[in-house]
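To start, the structure under review is shown below, and the notes come after it.
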Amino acid sequence: MSLAHLSIRGVRNLEPLELAPGPGLNWFQGPNGAGKTSILEAIFLLARGRSFRSARIGRVIQNGVPALTVVARRGDSDHRLGVERNAEGWRGRIDGRDCQRISEFAALLPLTLIEPGSHALIDGGPDRRRQFLDWQLFHVEHGYLAAWQRFARLLKQRNAALKSQAPDAVLDALEPEFLRAAEVIGRARRALVGRLSGHVERVEGELGFRLPGPLSLRYRSGHAADSGLAEMLRDQRDRDRERGFTRQGPHRAELVLSCEKRAAAEMSRGQQKLIAVVLLLAQYRLLADGQSLAPLLLVDDPVSELDAPHLDALLTWLGRESVQSWITATRESPVAARMFHVEQGWVSPQ
């Protein structure tokens, strides 16, 4: 059981609502524009501090209200989380205490989101895939967030030194710690890709999606394979100074995805969507593996995104998993689910 209760106020066109979801599949059915996706958006905002639909929080806050609020209670741990957002900022509470760290909300509410824009994980820039790896590591690797923040700070310091045309002595002092931080990040990511590959293989076999071949994952470190990063930093200093930033390191790493030696980004949009589903369900499995708090699975409009055979395969897979899933659609569920009808912002159980 993940969420036992959810309260939403002031989110887009949604009327104030109180939801008691079921432990398995929760299906939100209604016409386009009714507010179904806004429910998933509210959960995502509570867990991640931002919307997956808009970079501007003002677009998420309902017209005529000063702020939105989202409050949830977990059924497996009784943790209570709440957030209030307005145009100027936000405040949060966890178990009755004030909390301003998104990382604490994310740790208590791990989730995987599959939505119509998920194919950007495949054909978007490398930063999307680095973020995909880093969010998983935050949940499954104790201390990774602190390590990532340390590397980001050291990268910023080196870039500042490069922009100011600092002498070699300054860079000689900065780089040993930078290299140690880079090694921690790279080692953790490589290990994660190995674990994730195993889950991808199993999920692929269970779903039976029609793909050109097995999905392959490979981590590329962000610097030339024939040289160490320390050597590359020394050799490239003058060019880095010219450009004012560090061109080699984990911040330039890539998660390489391919099927039958063909880059996933070169495949059709339909195939990219299927690959994204496989990858994200593997992410869910990884988050659920050995974790004390069960992750949520949010799936926005799979009826429109998948053809009938692939939708059936997904719903069959969900029926076998012990996962609380939240699914939106314009039609009723073809499988057993706790049903909710959404109409003009009103949500009612069926």
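The values are calculated or read from the model by the stated rules, or taken from the named source; none is laboratory data. Note that the structure is a prediction, hence the values are computed from the model and not measured. Using ideal geometry, Cβ is built from the backbone for each residue, glycine included, and neighbour counts are taken over all protein chains shown.
Brief remarks follow.
- The combined condition, being part of a helix (DSSP H, G or I), assigned by TED's automatic domain parsing to the domain that holds residue 347, without any contact (Cβ under 8 Å) to a residue 40 or more places away in the chain and surrounded by fewer than 24 Cβ atoms within 10 Å (Cβ to Cβ), is not fulfilled by residue 33.
- Among the residues here, residue 304 does not qualify as outside the structural domain of residue 171 (by TED's automatic domain parsing), outside any helix (DSSP H, G or I) and more than 22 Å from residue 214 (Cβ to Cβ).
- Lone unmet requirement of (1) in contact (Cβ under 8 Å) with a residue 40 or more places away in the chain; (2) not in a helix (DSSP H, G or I) for residue 223: (1)
- Checking the stated criteria, residue 288 turns out not to satisfy the condition of being within 25 Å of residue 120 (Cβ to Cβ), surrounded by fewer than 16 Cβ atoms within 10 Å (Cβ to Cβ) and either of a type in the set (A, V, I, L, M, F, W, C) or in contact with a Gly (Cβ under 7 Å, 6 or more places away or on another chain) (or both).
- Number of residues in region 319-330 that are closer than 20 Å to residue 306 by Cβ, of a type outside the set (Val, Ile, Thr) and at pLDDT 95 or above: the value is 3.
- The one condition in (1) in contact with a Lys or Arg (Cβ under 9 Å, 6 or more places away or on another chain); (2) at pLDDT 95 or above that residue 293 fails to fulfil: (2)
- The listed residue being buried (at least 16 other Cβ atoms within 10 Å of the Cβ), in the same structural domain as residue 194 (by TED's automatic domain parsing) and hydrophobic (A, V, I, L, M, F, W, C), out of 275, 327: 275
- Screening residue 59 against (1) within 22 Å of the chain's Cα centre (by Cα); (2) basic (Lys, Arg); (3) surrounded by 15 or more Cβ atoms within 10 Å (Cβ to Cβ) leaves a single unmet condition, (3).
- Those residues of region 62-73 which are out of contact with any strand residue (DSSP E or B) (no Cβ under 6 Å at 6 or more places or on another chain) and crowded, with 16+ Cβ neighbours inside 10 Å, in sequence order: 62
- Residue count for region 1-12, restricted to those that are on the phi < 0 side of the Ramachandran plot and at pLDDT 95 or above: 8.
- Restricting attention to region 175-195, the residues that are out of contact with any strand residue (DSSP E or B) (no Cβ under 6 Å at 6 or more places or on another chain), farther than 18 Å from residue 233 by Cβ and crowded, with 19+ Cβ neighbours inside 10 Å add up to 2.
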